[in-house]
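Written out below as structure tokens is the structure these notes cover.
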Amino acid sequence: MASYDLVIIGTGPGGYVCAIRAAQLGMKVAVVEKESTFGGTCLNIGCIPSKALLQASERFEEVTHMLPKMGIGVGKPKLDLATMMKFKSDGVDGNVKGVSFLFKKNKIEPYQGTGRIAGPGKVEVKGADGKTQTLETKNIVIATGSDVTRLKGVDIDEKRIVSSTGALTLEKVPEKMLVIGAGVIGLELGSVWRRLGAQVTVVEFLDRIIPGMDGEVAKSFQRILEKQGVTFKLGAKVTGVDTSGKKLKAQVEPAAGGKAETIEADVVLVAIGRVPYTDGLGLKEAGVELDPRGRVKTDGHFATNVKGIYAIGDVIAGPMLAHKAEDEGVAIAEILAGQAGHTNYDVIPSVIYTFPEVSSVGKTEEELKQAGVVYNVGKFPFTANARTKVNQTTDGFVKILADAKTDRVLGVHIIGAEAGEMIHEAAVAMEFGGAAEDIARTCHAHPTRSEAVKEAALAVAKRSIHM
Ligand code: FAD
Ligand code: NAI
């Protein structure tokens, strides 16, 4: 029987990063993956393919809306969706192969098949041919990720009624797309198909979009998306979709119940969240406890209630983000090596890769108010930033929330082009316990969009220069 220091079930960003860090620290490591490629949701059907389509569709739209302003006339863009999809698949392929390369480089042994915990220190791997083998190990890390949340009355066939997975592989641009859920997936993939020509309507249960993000940013984001042509139906729910005709007919009701209306669509995208994936893992038999939301319960240091079994990533509590899973992968590998592995949940950036982008790190104003924290706000609009003015991408602003007594940065929220790249200086400042004044006194290159971060930091002390 093959024997290891660590067997990791799942090779998403949590699992593969954990494997590499553990191998660096001298452990003998195996990974088990049920799909034919490594990289999990993120690389195969999540972050990477969605960003490829966002990138390509943004360029497509730029040809009509931006390039003529710059004196570049290339006429009406022609969509070759099959080639765009190949661009996406090539990007996925490159990333997935990168993980295989890193496994080889770090002498990590991969097993293709479904992993099941067969007892303390034992993982059974069932291959596609039905054959099983058992691996012996000192420690097990569960990194099995998450799956799509289903909606009663709306059966996903991945052709006309799709989850994010089907929305990444549509064969033609739908005339009308109905998106259920104004969260990250709905707005990113809704943006892709709107840019390529679909009329997009988003039905959201709550009375706001992107719950969890700063409320002021969400309002501004909604206005910008509406200007781009997205229609929102907030405080509403889809109760069923009639698939019998050529067009889909969705029944939409007010969230609190009431008169229903019918919305026709060619494609319905269900994007109402994701649920932890623990199917077939043998957790019940192994005695591993789940929390009330079906996530593997851990002690805050990734240990489950069963000795030698740990869990990370989407399958445990916390934001379902690739970089959160990666950080946890590193932390548990270091803990198993006797080091002080740690994930700082107060400083996990999050980005929505639309145009403009939305990024945030730390607390929102709503969270600070609820916690009774007294804070100062520094805000700077991109309309006053030299680089965005010259590039004519002035939508949005930077907002910094700092403790009123200590000036410590508690949260930073950005809406604007390239906001996803700009958030990291705030994350570094927060990781070092920095104050708004620290950012304000740091020299920023001119002309850059990042100067808006410095100006927002200056605005915390009401001394912004360019406003
Ligand atoms: P996963 O990536 O889900 O990997 C789990 C792996 O475990 C899978 O490969 C699965 O096949 C395997 N597995 C499960 N059970 C078994 C078993 N019993 N045996 C063997 N293998 C098993 N996050 C971001 O940070 N940025 C983004 O831009 C972003 N975009 C996204 C876009 C979409 C459309 C989606 C759906 C998600 C996106 N996410 C994004 C979220 C991100 O993909 C997840 O947070 C991340 O993949 C979680 O990593 P993980 O390692 O926990 O699990
Ligand atoms: P989400 O949690 O971001 O948004 C789901 C939305 O659906 C919420 O606004 C919710 O109120 C709404 N909703 C729930 N039930 C509903 C119903 N019955 N009818 C109408 N609306 C309903 O989930 P989403 O967009 O599916 O994404 C899943 C996860 O994937 C997220 O947690 C996110 O962290 C991750 N992700 C991250 C990305 C990024 O970092 N850029 C990109 C895509 C996904």
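Just so it is clear, none of the values below were taken in a lab; they were calculated from the coordinates. Please read all numbers here as calculations on a predicted model, not as lab measurements. Positions of Cβ are backbone-derived with ideal geometry, glycine not excepted, and every protein chain shown enters the neighbour counts.
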Calculated FRET efficiency for the pair Arg208/Asp438, C-beta based, R₀ 30 Å, to 0.05: 0.40
Estimated FRET transfer efficiency when R0 is 51 angstrom, pair Met467-Asp90 (beta carbons, to 0.05): 0.70
Largest-first principal axis extents, alpha carbons of the range 240-281, Å: 42, 30, 13
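When Rg is the radius of gyration of the Cα atoms in the range 310-349 and Rh is its Kirkwood radius, what does Rg/Rh come to? All intermediate terms of the calculation are to be shown ahead of the outcome.
Working: Rg = 9.8 Å, Rh = 10.3 Å.
My calculation puts Rg/Rh at 0.95.
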Distance histogram in 10 Å bins (all Cα pairs of the range 161-272, percent per bin): 15, 49, 31, 4, 0
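Tell me, what is the Rg over Rh of the chain, with Rh the Kirkwood radius over Cα pairs?
Result for the chain is an Rg/Rh of 0.98.
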Approximate spin-label separation Arg293-Val275, in nm, with each point projected 7 Å along Cα-to-Cβ: 1.4 nm
Ordering of 353-359, 178-184 by burial proxy (mean other Cβ atoms within 10 Å per residue, highest first): 178-184, 353-359
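Given Lys76/Lys454; Lys78/Lys237; Lys34/Lys297; Lys76/Lys379; Lys34/Lys159; Lys227/Lys399, which pairs have Cα atoms separated by over 29 Å?
In this structure, Lys76/Lys454; Lys78/Lys237; Lys76/Lys379 lie more than 29 Å apart at Cα.
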Lys, Arg +1 and Asp, Glu -1 on Cβ, resulting dipole of the chain about Cα centre, debye, nearest 20: 600 debye
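Taking the highest mean first, how do the peptides 27-36, 204-213 order by number of other beta carbon atoms within 10 angstrom per residue?
So the peptides 27-36, 204-213, ranked by packing, come out 27-36, 204-213.
Between Lys369 and Lys126, what is 0.36 nm times their sequence separation minus the Cα-Cα distance? Round to one decimal in nm.
82.4 nm
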Kirkwood Rh, Cα atoms: Rg over Rh of the range 350-460: 0.96
